[in-house]
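For reference, the structure discussed in these notes is given below.
The values are calculated or read from the model by the stated rules, or taken from the named source; none is laboratory data. Keep in mind the model is a prediction, meaning the values are calculated, not measured. Here Cβ is always computed from backbone atoms with ideal geometry, including for glycine, and neighbour counts include all displayed protein chains. Heads up: the accessible areas ignore ligands, DNA and RNA and are worked out on the full protein's heavy atoms, side chains in. Shrake-Rupley method; radii C 1.70, N 1.55, O 1.52, S 1.80 Å.
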Amino acid sequence: MSKSKKSFRPKARVPRGLRDQSGAQLQAERWMLDTIAGVYARYGFELLDTPAFEYADALGKFLPDQDRPNEGVFSFQDDDEQWLSMRYDLTAPLARYVAENYDSLPKPFRRYQWGPVWRNEKPGPGRFRQFIQIDADSVGAPGMAADAEMIAMMADCMDALGIARGDYVVRINNRKILDGILETDAEISPTDPASEEKWLTAMRALDKHDRFGWEGVEKLLGEGRKDESGDYTKGAGLSRENIDNVRTSLSAAFTVSGAPSSPSAQPSGQLSKYVPGDIDKLVDRLGRSTIGLQGLSELEEIAACLAALGIGSDQVVFDPYVVRGLGYYTGPVFEVELTFEAENEQGEMARFGSVGSGGRYDGLVEMFKGVEVPATGCSFGVSRLMAALEALGKTQTDEGQSPVVVLVMDKERIADYLVMVKELRDSGICAEMYMGGSGMRAQMKYADKRRAPLVVIEGEDERAVAQVTLKDLILGEQLSNEISDNEEWRSGAQAQVSVPRAGLVEGVRNMLIRIDGRQG
RNA sequence: GCCGCCUUAGCUCAGUUGGUUAGAGCGCUGGAUUGUGGAUUCAGAGGUCCCCCGUUCAAGCCGGGGAGGCGGUACCA
């Protein structure tokens, strides 16, 4: 305070990319987690929790090194100098858990899990360095039914959250189909050392279709692309002919061309349900690629399962541009996208995009066990879903959490006020006595800020006639909005009633019911 | 990581060719209006002009460096 003392005072600020969350927001988030967890549990998954950090080598790829221990992940050294890292997702810890407890677990092991994860990367709007994920995975499940279940479950979650059909879509793909297309149309393959780099770049290019459109993808498949800020991204260097071939194959998935194919020509009657384009043509294009055809046949299996699970084409659609993480997913991949637009904080119309994703990763547990353990899973990003639900007005908050405030009109009578709050609490009503030191006006302001539905007033006047005054703050606010022209606000008696002191609980309950009824 | 823009009160922002005590609105705190939040009115608190170095008699303003924020882009489990 005084300059002579020069006391050090830390600046009160939350670290960048992190945030505080308060009451209503947390309640909405809890409701969302409960809703999704409820769906997962109904599908038969069991709950698991693992620690916030792991030995760094157990988290796989992003190993810290001495120079940059916090690149991507947050890391620190234990007393024995072993590196520990904060988990950056829930899948790597699951793989560690399964490997560590392999013999005692039921196979397949089907678990769900939610909790915060940390990533040390540049924060953006709706992107934080700590955020919550909620995942479900089947480990040791080789069949496509397990993948189909994930897809169906994600769609079910969106329904359960109250997001209308058409406002979301689960886009599904199989990475083997893309491998097939790149193999036949561009002669590149991930297993061929000569073209591995091209394959990576090409896959990344396709992944950007939703942001840049085909025009941008084409540049990235070819020479490269310059962005708005003038930054240049080097492309995969495919030839004009190769790029055109890739486009022809991809477009078969979206558009029906030539003569309509006979239904009997399709091996599965269900795949066409989820593919907006021409399956025969796609088969034709992939003809020379065994991996491509395998991908397609896996997709057929998934489609059959989805149909059996009652999933409609208004929920799930095939989209060959879904790529997801490279070097991680091995087959089917999918993501949930919100398709509606909503006004953001700046008043601009914005899309929310992908709020969840998943896919098959048959190589992850192998990292620990040395044997391949097929696995598939899905994950929702809770923060982005929250933002979207808020925009839709679909968040559920429990308004009953705001307390009834008992005013302290007479500091000599605090025991009396404590008796009142106890009576209210004993009958299940959230209530508190004002614990500050200020006068009545400040107490009203306090109650207002707490969004208290009503206040209880017992001053000299009330006590003289063994009554209490109950003031409906919500009705009072409405009245003041409508009639605030003159200075009749001072009459103050609006929106309040007197009840006998002995009928406090009943009076409060009745007023709460009236408030609840008004708010529908 | 790379590119561009930005940084003055809690918030949104003024601030002249460099010139004395840096302002407004909203918000906040307190008072008035019999014992009442939202009306009216009066008053008050609140600033390292992002930080450091430099130029100058003099820097919120000019120069250099750094940090932080925003928007792209790259990487991404």
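Structure notes:
- Within the stretch A:437-450, residues that are over 17 Å from A:I474 (Cα atoms) sit with their Cβ atoms under 9 Å from residues that are in a helix (DSSP H, G or I) and near RNA strand B (Cβ under 7 Å from one of its atoms), at 6+ positions apart or across chains, in these pairs: A:S438/A:K445.
- Some residue of the stretch A:239-255 being open to solvent by 80 Å² or more (accessible area, probe 1.4 Å), in a helix (DSSP H, G or I) and within 12 Å of RNA strand B (Cβ to nearest atom): no
- Enumeration of residues in the stretch A:156-178 that are surrounded by 23 or more Cβ atoms within 10 Å (Cβ to Cβ), part of a helix (DSSP H, G or I) and not charged (D, E, K, R): A:C157, A:M158, A:I177, A:L178
- Odd one out for A:I311, checked against (1) touching a residue at least 40 places away in the same chain (Cβ under 8 Å); (2) open to solvent by less than 30 Å² (accessible area, probe 1.4 Å); (3) part of a helix (DSSP H, G or I): (3)
- Count of residues meeting criterion [of a type in the set (D, E, K, R) and either within 16 Å of RNA strand B (Cβ to nearest atom) or within 19 Å of the chain's Cα centre (by Cα) (or both)] in the stretch A:73-128: 8
- Complete set of residues in the stretch A:292-308 that are open to solvent by 30 Å² or more (accessible area, probe 1.4 Å) and within 16 Å of A:L282 (Cα to Cα): A:L293, A:Q294, A:S297, A:E300
- Matching residues in the stretch A:132-149 - criterion: being open to solvent by less than 10 Å² (accessible area, probe 1.4 Å) and out of contact with any Lys or Arg (no Cβ under 9 Å at 6 or more places or on another chain): A:I134, A:A148
- Unique residue being open to solvent by less than 50 Å² (accessible area, probe 1.4 Å), more than 13 Å from A:P320 (Cα to Cα) and within 13 Å of RNA strand B (Cβ to nearest atom) when the list is A:L206, A:L221: A:L221
- Contacts under 9 angstrom Cβ, first residue in the stretch A:359-373 being in contact (Cβ under 8 Å) with a residue 12 or more places away in the chain, partner open to solvent by 80 Å² or more (accessible area, probe 1.4 Å), 6 or more apart: A:D362/A:P142; A:D362/A:E372; A:G363/A:E372; A:V365/A:E372; A:F368/A:E100; A:V373/A:K107
- Test for A:E228: is it touching a residue at least 12 places away in the same chain (Cβ under 8 Å) and more than 28 Å from the chain's Cα centre (by Cα): no
- Test: residue in the stretch A:338-348 that is surrounded by 22 or more Cβ atoms within 10 Å (Cβ to Cβ) and in contact with a helix residue (DSSP H, G or I) (Cβ under 6 Å, 6 or more places away or on another chain): yes
- Qualifying residue in the stretch A:139-162 (condition: within 16 Å of A:G292 (Cα to Cα) and under 20 Å from the mean Cα position of the chain (by Cα)): no
- Conditions (1) more than 9 Å from RNA strand B (Cβ to nearest atom); (2) of a type in the set (D, E, K, R); (3) loosely packed, with under 15 Cβ neighbours inside 10 Å: number failed by A:D227: (1)
- Boolean, A:P93 is under 21 Å from A:L33 (Cα atoms), surrounded by fewer than 17 Cβ atoms within 10 Å (Cβ to Cβ) and not basic (K, R): no
- Hits in the stretch A:441-470 (condition: more than 40 Å from the chain's Cα centre (by Cα), within 6 Å of RNA strand B (Cβ to nearest atom) and crowded, with 19+ Cβ neighbours inside 10 Å): A:I457, A:T469
- Index of the failed condition, A:L424 passing every other in (1) assigned to a loop (DSSP other than H, G, I, E, B); (2) in contact (Cβ under 8 Å) with a residue 40 or more places away in the chain: (1)
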